[in-house]
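The values are calculated or read from the model by the stated rules, or taken from the named source; none is laboratory data. Bear in mind the structure is a predicted one, so any value in this text is a computation, not a measurement. We place every Cβ from the backbone using ideal geometry, glycine too, and count neighbours over all the protein chains shown. For accessibility, only protein heavy atoms count, side chains too; no ligands or nucleic acids. Shrake-Rupley method; radii C 1.70, N 1.55, O 1.52, S 1.80 Å.
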Amino acid sequence: MSDVQHRDLAAGRWWELTLAEQLGNIGSEISRANRWSDRNPLLSRGALERALELFDLTLDDPRHRQSPARLREIARAREVVVDFFDGSNEYRSTAAGLQKYFDAYALAARA
């Protein structure tokens, strides 16, 4: 990770967050990527790259290694996001559907 955008999070702070907080933060970047996709593709790409970096940090979180089902869910969410933004949208995702998925985690993190 030589081009880390979230240095303090990559240094271990990310692993102090709950899974809901982690996915809620990822959702914020996904929201930014969606918002900028038509107006400024470079900003959209940057938000997507930050989201993918956060996904990777989440997948590396030792707490999630305890649960293969949890790892599968996180990895599948990453796969769906990549498919939506850079793939053929094989999963037929929508921006609204992705937003709804990640908003649930953001709301859970607030509670």
With Cα atoms, 0 to 90° folded angle of helix 41-60 axis to the chain main axis: 20 degrees
field: Neighbour cut-off at most 10 other Cβ (10 Å), DSSP loop, GluC sites (Glu not before Pro), the stretch 54-105
entry: Glu90
- line: Under the 7 Å Cα-to-Cβ spin-label approximation, Asp56 and Leu107 lie apart by a distance in nanometres of 3.2 nm
message: Probe of 1.4 angstrom, ligands and nucleic acids ignored: what's the accessible area per residue over the stretch 26-111, in square angstrom?
response: 60 Å²
- prompt: For the residue pair Val82 and Trp15, what label-to-label distance in nm results when each label sits 7 Å from Cα along the Cα-to-beta-carbon direction?
  reply: 2.3 nm
statement: Bounding extents of the chain in its principal axis frame from Cα atoms, largest first in Å, are 37, 29, 27
message: Place a point 7 Å from Cα of Ser28 in the direction of its Cβ. Which residues in the stretch 39-75 have their backbone N less than 15 Å from it?
response: 47-48, 50-55
